[in-house]
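Participant: Handing you a structure now.
The values are calculated or read from the model by the stated rules, or taken from the named source; none is laboratory data. Note that the coordinates shown come from a computational prediction; the quantities given were computed from them, not determined experimentally. Reconstructed Cβ throughout: ideal geometry from the backbone, glycine too, with neighbour counts over all protein chains shown.
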Amino acid sequence: MIRITNMEKVYRTEEVETVALNKISIEVKQGEFVAIMGPSGCGKSTLLNILGLLDDPDAGSFVFNGIEVAKFNERKRADLRKHNIGFVFQSFNLIDELTVYENVELPLIYTQVPSAERKIRVEKVLDQMQIMHRRNHFPQQLSGGQQQRVAVARAVVNNPKLILADEPTGNLDSNNGNEVMQLLTDLNEKGTTIVMVTHSEHDAKFSHRIIRMLDGQTVTENILV
Amino acid sequence: MFSTFFKIAFRNILKNKIFSTINILGLSIGMAAAMLMVLWVQNELSYDQFHEKKDRVYEAWNKAEFSGELNCWNTTPKILGPTMRKDFPEVETTVRVNWQQSHLLRVGEKQISVRGSHVDPDFFEVFSFPLVKGHSRQALDNIDDITITEKTARSLFGDADPIGKQVKVDNHQLFTISAVVKDLPNNTRFNFDILMPWKYLESKEGGPENNWGNNSTRTYVLLKPGVNVDAFQAKMKVLKPRYDSSEPKWQMFVYPMSRWRLHSSFENGVETGGRITIVALFGVIAGFVLLIACINFMNLSTARSEKRAKEVGVRKVVGADKKSLIFQFIAESILISALSGILSIGLVHLMLPSFNELSVKNLQLEFSNVNYWLAFLGFVLVTGFLAGSYPAFFLSAFQPVKVLKGSFRKAHAAVNPRKILVVTQFVFAITLIICTLVVRSQIQYAQDRDSGYNKNNLVYVFLEGKSFDSYTLIKNEILNNGFATSITKTSAPLTEGWSDSWGFEWEGKDPNDKTDFDRFCADDALGKTAGFQFVAGRDLDLKNYPTDSTAMIINQSALKVMKFKNPIGQIVKDNGIDWHIVGVVKDFIMQSPYYPTRPMIIEGAKGWFNVVHLKLNPQKNTAENMAGIEAIYKKFNPEFPVTIHFIDEDYALKFQDEKKVGTLAGIFAGLTIFISCLGLFGLATFMAENRIKEIGIRKVLGASVAGIVQMLSREFLILVGIALLIACPLAGWAMHNWLQEYAYRVSLSWTVFALAGSLSFLIAIATVSFQAVKAAIANPVRSLRTE
């Protein structure tokens, strides 16, 4: 599903040049659950952003679903992203001014799903995440675990082929963290490909394969299943 | 998609009450001011545009050379209209309208004072003033026909049908009401209450006047459809010399109705603008006030960008493209603009009465007029777009990776758009403050100018009815009773020149000299009554010098033109009379206090008289004097009400226009400052919020409250300083040009700029320091913990 070859990404400020990705090559197959680990600054978030088409590489190839997307422009990337990729962030990133229901509905609005169908799909996913009773609450009125469940609901409501999770349990206690990991595992079992960046060995054990990174390169790959 | 946009917008408005208030209040004040201006401009542009035949209606003008300059003016000989009808097949009809005068109408015991003119019978064929009763073709056919307005009809007859009823005009002639015209709209040059037939005027004057040399009336021309106007102008150009061989170069032309109101200013024979400059200026000011209010919106929206950044990031991640975000933010600002618009209608409604008083208009919000609502809608959309466009592009350009990772920090660039916008606002505000100060000092300067006579206790009364014949009796009785110390009969009030001429003859006059003199008449003791200062000779004195009925007084400017070494006893010929000069007075201000005094001659008792000037007796109180004078007038002229006018009040009216300009500039300066300060307040609040951690750390490290206030205020004061540097030359240039219109003018002094500068600094400090002090005295422990 994803094939990255010799990818490079360099961040430049006036004085410093930071190599975030150094000719990295990775492949992720359809239906896989991959964890990316490594110390802070090793380039894992950069990799995730490029996989999510939020950022563009300086060099190298990125084939997504058989299409070379490394040179896509902003509009094309946005289009591909909204139909294929869901995101889960450490800090949830819900819009404070929108209710739970409206937050989850947002991706469907941007993919122009008709309103009647939106209602069915949002309610289904809220039910699935067991937060239906909170549908009219605003994010600040929820616990961290609940907020992350809303974020996961928002990530999956459009039935994406790929979910990218950036330390999804980083702001949660262990109980809530385990619940979220269970949600992701369930989604993976239903066929969604998941790529997750994490610091937690515990969370990484939920995945099929762990890619360890250092200084913008992969160092090892452990296959767990 | 729309519904979530508006939902977010509404929730944002409710969540940030201070900023929403600042935004909506600022925008609504700006919109209200702009709406008032637009109403005014629209009224000006619509002047006399409702006449059905407006494209064919013209006014006849003269163009003739005096003292090397080509003058254009619109009073014409009475014979012109009939001649044009006779000579030019292109002319459908002509209508003469003589000078509007005040008339007394009497029906039984009821009497009212009205304004009216004598006009040719085709008046209503040319001008579209609808008649509510009577027929336009017959409204002014008979010599005793009179047409009155609805308002006049109501005050004379209440609800009764006035047609066919009789009314006595000036206690003299009975007229029959032939038609009632709908009250005139507020956008026409005409403002009569009654119209009387031209025929009546002619019969009063002893027949038609055929004198081509007497320019005394306005002549309106209705051309036939399809007439080639250029060809017609060529005929007009040579019309006058055909009938008046003494003026071979004198031209005439017709001037189209569409240009009367706004363009009729001529310089050396060429149309050079006119009121249109003021209309354009007001339009520009309206635009600027609105822009300043929009700038607030832009500044506050972009200052709050950090708070909106996450939303932008999330929306982009879940699929929003830039276009839809731009659309969202513009929709949001249109919503705020709509709320402000509704509020501004309320504000306009409240301000209209005062604005009407200031602009001497009767502007109204026509709620039942669909066009008004369409214009309002357009106005809201334009404002929303104007205010929302920059924030929309600014916010929608955020990179999701950066804002969601929290690495988003606003740049502390030395020059950023927000600073430029604040500077722009203050440039306008300071410019307007300087303009207000200069206009005021110019008015003060002209008011302080010596008028050349003593206005205290000086009053005048118009001669009416039997007071013409009983003047001597009235005068003696007032003087004998001690209500006045001195009385003189004059041709016009001292504050108004009613007559001028270049036709005087004197010994040694250059035959090419066409200097125009003001002409005034007084029978006796004018110098004593008015308190003139004589530089040579004496006052008019009929008692001691019986030949003073042909005596003349001239002013110093006239003496300069006439170049007499010994003016006393010199003869000046006018209207077939040899006037002998008995005195020379110091120049006094009769016309505009802003211009040099014109040369002037005052003719003695053989002149013509309309007005009586009285110097009230200072030994008695004014009320007693006035009651006494009124009683004596009533005794000799019982049919007319007595109105006593005070010269000092009339004199004060000479400053009215400039005072209005001053008031208007002051109001707009105040509004601009207020709106700009609202914005500054908002920015200061955000700045204090954003730097709360920095302030906490500084305090922990030992910074004083004063030091922090200074640090927070400095940035804004620098911006105001830059604005001052730009505004000073700008305002200086504008005011220098404005002052050129006045011969007597103040010089631009640095104190005005210094005052405006200190004023704007003070206001800015007061605005910013509230937030700065609040932030500086906050407990640092708390701010550091919350971070």
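Participant: Would you call residue B:492 at pLDDT 90 or above, surrounded by 17 or more Cβ atoms within 10 Å (Cβ to Cβ) and of a type outside the set (D, E, K, R)?
Facilitator: Considered against the rule, which asks whether it is at pLDDT 90 or above, surrounded by 17 or more Cβ atoms within 10 Å (Cβ to Cβ) and of a type outside the set (D, E, K, R), residue B:492 comes out as yes.
Participant: Without any contact (Cβ under 8 Å) to a residue 40 or more places away in the chain and closer than 30 Å to residue B:28 by Cα: which single residue out of B:679, B:702, B:670, B:662 fits that description?
Facilitator: Of B:679, B:702, B:670, B:662, the one residue that is without any contact (Cβ under 8 Å) to a residue 40 or more places away in the chain and closer than 30 Å to residue B:28 by Cα is B:670.
Participant: Right, another one. Is at least one residue of segment B:422-443 away from chain A (no Cβ under 14 Å), among the β-branched types (Val, Ile, Thr) and over 29 Å from the mean Cα position of the chain (by Cα)?
Facilitator: Checked segment B:422-443: at least one residue is away from chain A (no Cβ under 14 Å), among the β-branched types (Val, Ile, Thr) and over 29 Å from the mean Cα position of the chain (by Cα).
Participant: Can we say residue B:758 is small (Gly, Ala, Ser), without any contact (Cβ under 8 Å) to a residue 24 or more places away in the chain and outside any helix (DSSP H, G or I)?
Facilitator: Against the criterion (small (Gly, Ala, Ser), without any contact (Cβ under 8 Å) to a residue 24 or more places away in the chain and outside any helix (DSSP H, G or I)), residue B:758 does not qualify.
Participant: Could you list, in sequence order, the residues of segment B:346-372 that are assigned to a helix (DSSP H, G or I) and without any contact (Cβ under 8 Å) to a residue 60 or more places away in the chain?
Facilitator: Answer for segment B:346-372, where residues must be assigned to a helix (DSSP H, G or I) and without any contact (Cβ under 8 Å) to a residue 60 or more places away in the chain: B:346, B:349, B:350, B:353, B:354, B:356, B:357, B:370, B:371, B:372.
Participant: Separate question: From (1) over 17 Å from residue A:162 (Cα atoms); (2) away from chain B (no Cβ under 13 Å); (3) in a helix (DSSP H, G or I), pick out the condition that doesn't hold for residue A:106.
Facilitator: Residue A:106 satisfies every listed condition except (2).
Participant: Answer with yes or no whether residue B:31 is closer than 30 Å to residue B:300 by Cβ and in contact with a Ser or Thr (Cβ under 7 Å, 6 or more places away or on another chain).
Facilitator: Yes, satisfied.
Participant: Here's another thing I want to ask about it. Out of everything in segment A:200-225 that is under 18 Å from the mean Cα position of the chain (by Cα) and assigned to a loop (DSSP other than H, G, I, E, B), what residue ends up being surrounded by the most Cβ atoms within 10 Å (Cβ to Cβ)?
Facilitator: Step by step, filter segment A:200-225, then rank; the result is A:207.
Participant: Further question: Considering every residue within segment B:545-567, establish whether at least one is over 34 Å from the mean Cα position of the chain (by Cα), of a type in the set (Phe, Trp, Tyr), closer than 27 Å to residue B:474 by Cα and not in a strand (DSSP E or B).
Facilitator: Yes: segment B:545-567 contains one or more residues that are over 34 Å from the mean Cα position of the chain (by Cα), of a type in the set (Phe, Trp, Tyr), closer than 27 Å to residue B:474 by Cα and not in a strand (DSSP E or B).
Participant: What number of residues in segment B:154-207 are in a loop (DSSP other than H, G, I, E, B), of a type in the set (Lys, Arg) and over 23 Å from residue B:639 (Cα atoms)?
Facilitator: 2
Participant: Collect the residues in segment A:139-156 that are aliphatic (A, V, I, L, M), without any contact (Cβ under 8 Å) to a residue 60 or more places away in the chain and either within 13 Å of chain B (Cβ to nearest Cβ) or crowded, with 20+ Cβ neighbours inside 10 Å (or both), keeping them in residue-number order.
Facilitator: Of everything in segment A:139-156, those that are aliphatic (A, V, I, L, M), without any contact (Cβ under 8 Å) to a residue 60 or more places away in the chain and either within 13 Å of chain B (Cβ to nearest Cβ) or crowded, with 20+ Cβ neighbours inside 10 Å (or both) turn out to be A:150, A:153.
Participant: Which of the following residues is of a type in the set (A, V, I, L, M), modelled with pLDDT under 90 and crowded, with 17+ Cβ neighbours inside 10 Å: A:94, A:47, A:51?
Facilitator: Answer to the selection: A:94.
Participant: If we keep just the residues of segment A:52-80 that are touching a Phe, Trp or Tyr at 6+ places or on another chain (Cβ under 8 Å) and of a type outside the set (Gly, Ala, Ser), which is nearest to residue A:166 (Cα to Cα)?
Facilitator: Within segment A:52-80, the match that is nearest to residue A:166 (Cα to Cα) is A:53.
Participant: Residues that are in contact with a Gly (Cβ under 7 Å, 6 or more places away or on another chain) and either over 23 Å from residue B:647 (Cβ atoms) or assigned to a loop (DSSP other than H, G, I, E, B) (or both): does segment B:502-515 have at least one?
Facilitator: Checking segment B:502-515: not a single residue is in contact with a Gly (Cβ under 7 Å, 6 or more places away or on another chain) and either over 23 Å from residue B:647 (Cβ atoms) or assigned to a loop (DSSP other than H, G, I, E, B) (or both).
Participant: For the condition in contact with a Gly (Cβ under 9 Å, 6 or more places away or on another chain), closer than 19 Å to residue A:211 by Cβ and not aromatic (Phe, Trp, Tyr), what is the one hit in A:85, A:50, A:36?
Facilitator: A:85
Participant: Sticking with this structure for a sec: Looking only at segment A:81-103, filter to residues that are more than 10 Å from chain B (Cβ to nearest Cβ) and among the aliphatic types (A, V, I, L, M); which one of those is farthest from residue A:176 (Cα to Cα)?
Facilitator: So, considering only residues that are more than 10 Å from chain B (Cβ to nearest Cβ) and among the aliphatic types (A, V, I, L, M), the one farthest from residue A:176 (Cα to Cα) is A:100.
Participant: Which residue, of B:778, B:727, B:723, B:764, is farther than 21 Å from residue B:676 by Cα and touching a residue at least 60 places away in the same chain (Cβ under 8 Å)?
Facilitator: Of B:778, B:727, B:723, B:764, the one residue that is farther than 21 Å from residue B:676 by Cα and touching a residue at least 60 places away in the same chain (Cβ under 8 Å) is B:778.
Participant: Read through the list (1) at the interface with chain B (Cβ under 10 Å from one of its Cβ atoms); (2) closer than 28 Å to residue A:180 by Cα; (3) of a type outside the set (A, V, I, L, M); (4) in contact with a Lys or Arg (Cβ under 8 Å, 6 or more places away or on another chain), then give the number of the only condition that residue A:74 fails.
Facilitator: (2)
Participant: Within segment B:549-596, how many residues are touching a strand residue (DSSP E or B) at 6+ places or on another chain (Cβ under 6 Å) and of a type in the set (Lys, Arg)?
Facilitator: 2
Participant: Can you pull out the residues in segment B:1-24 that are among the basic types (Lys, Arg) and over 44 Å from the mean Cα position of the chain (by Cα)?
Facilitator: B:7, B:11, B:15
Per-residue answers, yes or no, for (1) buried (at least 22 other Cβ atoms within 10 Å of the Cβ); (2) touching a His at 6+ places or on another chain (Cβ under 6 Å); (3) within 13 Å of chain A (Cβ to nearest Cβ):
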{"site": "B:280", "(1), (2), (3)": "no, no, no"}
{"site": "B:290", "(1), (2), (3)": "yes, no, no"}
{"site": "B:295", "(1), (2), (3)": "yes, no, no"}
{"site": "B:300", "(1), (2), (3)": "yes, no, no"}
{"site": "B:309", "(1), (2), (3)": "no, no, yes"}
{"site": "B:313", "(1), (2), (3)": "yes, no, yes"}
{"site": "B:322", "(1), (2), (3)": "no, no, yes"}
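Participant: Just give me the residues in segment B:742-755 being of a type in the set (A, V, I, L, M, F, W, C) and either in a loop (DSSP other than H, G, I, E, B) or farther than 17 Å from residue B:448 by Cβ (or both), in sequence order.
Facilitator: B:743, B:746, B:748, B:750, B:753, B:754, B:755
Participant: With respect to residue A:164, determine if the residue is within 14 Å of chain B (Cβ to nearest Cβ), surrounded by fewer than 18 Cβ atoms within 10 Å (Cβ to Cβ) and in contact with a strand residue (DSSP E or B) (Cβ under 9 Å, 6 or more places away or on another chain).
Facilitator: For residue A:164, the condition - within 14 Å of chain B (Cβ to nearest Cβ), surrounded by fewer than 18 Cβ atoms within 10 Å (Cβ to Cβ) and in contact with a strand residue (DSSP E or B) (Cβ under 9 Å, 6 or more places away or on another chain) - is not met.
Participant: Could you give me the residue pairs with C-beta distances under 6 Å whose first residue belongs to segment A:43-69 and is within 12 Å of chain B (Cβ to nearest Cβ), whose second residue is among the basic types (Lys, Arg) wherever it lies, and which are 6+ apart or on separate chains?
Facilitator: Close Cβ pairs satisfying both conditions: A:46/A:9; A:53/A:77; A:53/A:81.
Participant: Counting only residues that are out of contact with any Ser or Thr (no Cβ under 7 Å at 6 or more places or on another chain), more than 18 Å from residue B:493 (Cβ to Cβ) and surrounded by fewer than 20 Cβ atoms within 10 Å (Cβ to Cβ), how many does segment B:585-629 have?
Facilitator: Residues meeting the conditions: 12.
Participant: Related question: Given the criteria of a type in the set (Phe, Trp, Tyr) and surrounded by fewer than 22 Cβ atoms within 10 Å (Cβ to Cβ), does residue A:72 qualify?
Facilitator: Answer is yes for this residue.
Participant: OK, next. For residue B:193, only one of the following conditions fails: (1) surrounded by fewer than 21 Cβ atoms within 10 Å (Cβ to Cβ); (2) of a type outside the set (S, T, N, Q); (3) more than 30 Å from residue B:248 (Cβ to Cβ). What is its number?
Facilitator: Condition (1) is where residue B:193 drops out.
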